[in-house]
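Below: the structure, in structure tokens.
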Amino acid sequence: MSQLIRKVWDIHGGIHPAENKQQSLQSPIQAAGIPPQLILPLAQHIGAPASPIISVGDRVLKGQMIAEAKGFVSAPVHAPTSGTVVAIESRLIPHPSGMSGACIVIDTDGQDEWISHSGVDDFRSLSKMDLIDRVRQAGIAGMGGAGFPSAVKLSTRDDKPIETLILNGTECEPYITADDILMRERAAEIIAGAEILRHLIKPSKETLIGVEDNKPEGIAALQKAAQGTGIEIVPFPTKYPSGGEKQLIQILTGKEVPAGGLPADIGIVCQNIGTATAIYRAICFGEPLISRITTITGEACSQPRNYEVLLGTPVQFLLDQSGFKKDDCIRLVMGGPMMGYTLQDTAVPIVKTSNCVLAPSAAELPPPPPAQACIRCGMCAEACPVSLLPQQMYWFSRAQEHEKLEDHQLFDCIECGACSYVCPSNIPLVQYYRASKAEIRQAQQDKIKAERSKERFEARTARLEQEEAEKEAKRAARLKAAKDKAAAAASNPDSSKTDLIQAAIERSKAKKADAADPAQDAIARAQAKAQDRVQDKGDGKVAAEDPAAKTERLQLLLASAERRLVSAREKLALAKEQASENVEAFATAVIKTEDKVAALQIEIANHQASLASAPAHDAADPAQAAIARAMAKRAGVSADESDEDKTQRLQNLVATTEKRLAAAQQKLSTAQEQNDANVAAFATGVEKTQSKLETAKQDLAAHLARLAAETPASAETTPAPSSSDDPVQAAIERAKAARAAQADMSDEDKLKQTIASLENRIARTQEKLSAAQESGDDKAEILADSIAKLQDKLASAKQQLG
């Protein structure tokens with residue numbers, strides 16, 4: 001009697017569309033069977049998608065977890081039957097936009113072999129955390145349409161006590177009867193699930209099951225099953241959309257969930273009756289959520305009914321069993337006619353939230369007429385169950401005034417479609433609101449990304465500024481030290497120059513003295529190198545490379561480059577045979593690799609030549625000699641490179657650059673013929689290569705001219721006249737003539753020529769040293785070392801001359 005007189009409240013607005021529910025209630029629930037293939041999306045719920053824990057080719061059993069939850073708001077996915085995983089890839093999924101998503105594809109084997117599983121006889125013996133964990137591991141999500149993970153919803157907080165537990169059996173949308181048939185045939189499972197939920201939630205006041213009064217058979221079955229449990233079945237007048245969570249709470253309790261709030265904020269938890277049944281199967285039998293009841297209905301189906309469907313079953317598989325007539329169907333709808341969306345493909349699968357597939361005829365669900373101008377009648381505001389202002393929101397949506405939309409509580413809209421249903425101008429209001437929500441969410445995500453990018457940029461800027469400040473401090477310290485040296489040198493320039501040179505000579509003599517004791521010298525060198533490595537690590541420098549190690553490294557690089565060249569030529573040949581569009585790219589790769597091989601060969605030759613021409617007294621410490629050569633090169637002089645080596649190096653550089661120029665000109669010509677967009681880039685490359693070639697030729701000409709100038713007059717011969725006006729070629733010819741003349745010189749004349757050349761080089765280096773001391777340049781010490789070495793060589797040459 002108390003159920004008949006219980007007070008219920010009404011909601012604002014609402015409509016009464018044609019129900020069309022009887023078509024699918026003419027037969028009991030039927031098992032849909034096992035399709036040949038199941039497609040299981042990893043995102044069948046609100047929150048983070050699940051992550052696969054199986055691989056392609058694995059055989060899985062019914063009930064086996066195949067994807068685990070990632071994060072707190074997530075849910076795992078289980079295999080609905082036994083079979084083999086054939087793909088983990090993107091497939092079409094049920095979504096209003098027709099988007100694709102990551103899916104696990106299983107070819108079923110028809111054996112329907114279960115994994116080992118078991119439930120509990122007495123759920124009251126388990127703690128709340130154990131029960132919630134079992135619900136989470138079973139992958140249960142809200143089956144009324146939203147798909148919110150049930151374990152999250154059941155994890156109530158102690159500081160927010162729950163007074164009322166509500167089970168939603170409303171199913172207010174036209175055509176859908178999945179919950180109605182469930183109440184009729186499996187009321188006992190619903191009540192058993194409600195008792196488990198009541199044990200988990202522990203509502204202090206009451207447990208209610210709300211059902212619209214257009215389901216008398218279902219109400220009677222629930223009342224019978226609930227006898228003696230204290231669970232109250234509450235019928236209430238039929239009105240759409242009374243099945244919304246907030247609307248149902250208001251109808252049964254008179255309480256309103258605040259805007260942006262949750263039912264738990266007012267002491268209420270709401271679950272769907274299908275979810276309650278799934279929780280009962282998970283706790284008492286150990287079965288994960290792998291199937292659900294889905295309605296297949298519409299005039300285009302000759303046998304509309306409710307199926308118990310394995311998740312992942314393609315929609316086409318169900319339509320075939322319901323006598324689907326494609327020619328009679330105007331469009332397929334996932335869900336009901338009010339809140340559902342059009343399916344673009346029948347290959348999409350049934351998921352945890354799929355309660356209905358509607359196949360209407362054109363007469364049953366005609367195409368909407370063209371939208372007309374709003375007449376400001378206000379009927380949309382009267383029908384809105386959330387008491388919003390749809391007309392104003394429509395204008396703001398069209399103008400993309402997102403701030404005003406949020407001020408008008410756009411996100412409180414439940415997209416029930418009542419406003420669109422009553423609009424006399426046939427304006428698709430819900431579509432405007434849905435699009436605006438998506439735009440606002442995207443703008444919020446973009447804002448978050450922009451903030452993160454700004455933080456990263458500011459952190460990087462601060463780091464670079466700090467590094468630059470440190471570099472500037474080091475530069476200032478070096479400049480100060482150089483100025484101090486310059487000031488000291490300015491007070492006594494002759495003494496400073498002499499002191500620097502004398503210090504360099506003393507260092508050279510000390511090295512020679514150390515070399516007299518090989519064992520002691522080896523120990524000293526090892527200690528010095530160890531100290532250098534420690535110091536280099538602290539300064540961020542790289543230790544000098546041993547000549548033998550350099551030879552080995554260059555040879556390895558050459559071998560690798562030659563292997564790459566062979567491979568590049570093979571690819572080019574294959575591309576030409578197949579008339580591939582990438583022939584030019586392969587040809588470019590071959591040219592670049594040939595250049596690298598040639599450059600490495602030249603570098604190896606120069607390195608071996610420098611080793612062969614190195615002084616005997618430097619052989620004891622090749623690393624130190626290499627360091628000295630690098631320091632001298634930095635100072636603008638070369639203490640060890642012979643004139644012949646330098647000539648060979650410069651000639652090789654000219655030849656290599658000419659080859660590169662020819663290749664660059666060929667690329668430019670090809671690009672111009674094909675009207676390539678990169679013509680400007682190729683032209684720039686040609687200009688740069690030409691500039692490098694001219695510089696190399698000028699360096700070679702200057703070097704050869706110096707050699708010719710230093711050749712004694714007695715040794716000069718008149719070079720053969722050249723028909724070329726190229727100064728480089730002329731210098732080469734003069735150098736060849738000088739070398740030919742030198743070949744006929746006696747050893748004594750050669751020594752005299754060497755002495756004259758060394759004296760000339762010492763004089764030039766002393767000029768550089770004086771200029772460096774005057775400007776406070778930190779190269780002064782390096783130049784002094786170079787002078788000391790040149791003086792050693794000069795003294796050695798004079799000693800040999802006697």
Can you list the lysines whose alpha carbon is less than 30 Å from that of K62, not counting same-chain residues fewer than 8 positions off? K70, K128, K153, K352
Using Cα positions and a limit of under 21 Å, work out the lysines in reach of K576, with same-chain residues fewer than 8 apart set aside. K592, K667
Simple spin-label model, 7 Å along Cα-to-Cβ: A87 to A585 in nm? 2.7
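Taking N as the number of residues in the stretch 112-259, what is its Cα Rg relative to 2.2 N^0.38 Å?
Details: Rg = 15.9 Å, N = 148, 2.2 N^0.38 = 14.7 Å.
In units of the 2.2 N^0.38 Å rule of thumb, it is 1.08.
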On the formula 1/(1 + (r/R0)^6), with r taken between the Cβ atoms of K576 and A702 and R0 of 51 Å, the FRET efficiency rounded to 0.05 is 0.70
For an R0 of 56 angstrom, estimate the FRET efficiency from the Cβ-Cβ distance between E644 and D676 and round to the nearest 0.05. 0.80
Neighbourhood charge, 11 Å Cβ-Cβ cut-off, centred on I176 and excluding it, Lys, Arg +1 and Asp, Glu -1: -4
Residue separation between L611 and R157 times 0.36 nm, minus their alpha-carbon distance, gives in nm 155.4 nm
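Summing Lys, Arg as +1 and Asp, Glu as -1, what charge do residues with Cβ under 11 Å from the Cβ of K239 carry, K239 excluded?
Numbers: positive: none; negative: D10, E212, D213.
Taking every Cβ under 11 Å from that of K239, the sum is -3.
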Enumerate the amide H contacts of I66 below 5 Å, restricted to partners 5 or more residues apart or on another chain; note that Pro and chain-start residues carry no placed amide H. V77, H78, A79
Can you order the peptides 757-768, 209-220 by their average number of other Cβ atoms within 10 Å per residue, highest first? 209-220, 757-768
Would you tally the net charge around G323, using a Cβ to Cβ cut-off of less than 12 Å, leaving G323 out, and scoring K and R as +1, D and E as -1? 0
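Given the pairs K692/K779; K646/K798; K205/K239; K659/K692; K571/K688, which are separated by over 20 angstrom at their Cα positions?
Numbers: K692/K779 27 Å; K646/K798 24 Å; K205/K239 27 Å; K659/K692 12 Å; K571/K688 29 Å.
Pairs exceeding 20 Å: K692/K779; K646/K798; K205/K239; K571/K688.
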Expressed as a fraction of 2.2 N^0.38 Å, the rule-of-thumb size for a compact globular protein of N residues, what is the C-alpha radius of gyration of the stretch 199-316? 1.25
Restricting everything to alpha-carbon atoms, can you work out Rg to Rh for the stretch 262-370 with a Kirkwood hydrodynamic radius? 1.07
How far apart, in nm, are two points set 7 Å out from the Cα along the Cα-to-Cβ line at S453 and at E68? 3.5
Once a ≥ b ≥ c are taken as the square roots of the eigenvalues of the Cα gyration tensor of the stretch 22-358, is the result rounded (a/c under 1.5), prolate (a/b larger than b/c) or oblate (a/b not larger than b/c)? oblate
Along the Cα→Cβ direction, 7 angstrom out, place labels at E774 and S361. What is the inter-label distance in nm? 10.8
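Just so you know, all these numbers are worked out from the coordinates, no wet-lab data involved. These figures come from a predicted structure and were not determined experimentally. Glycine also receives a Cβ, built like all others from the backbone with ideal geometry; neighbour counts cover every protein chain displayed.
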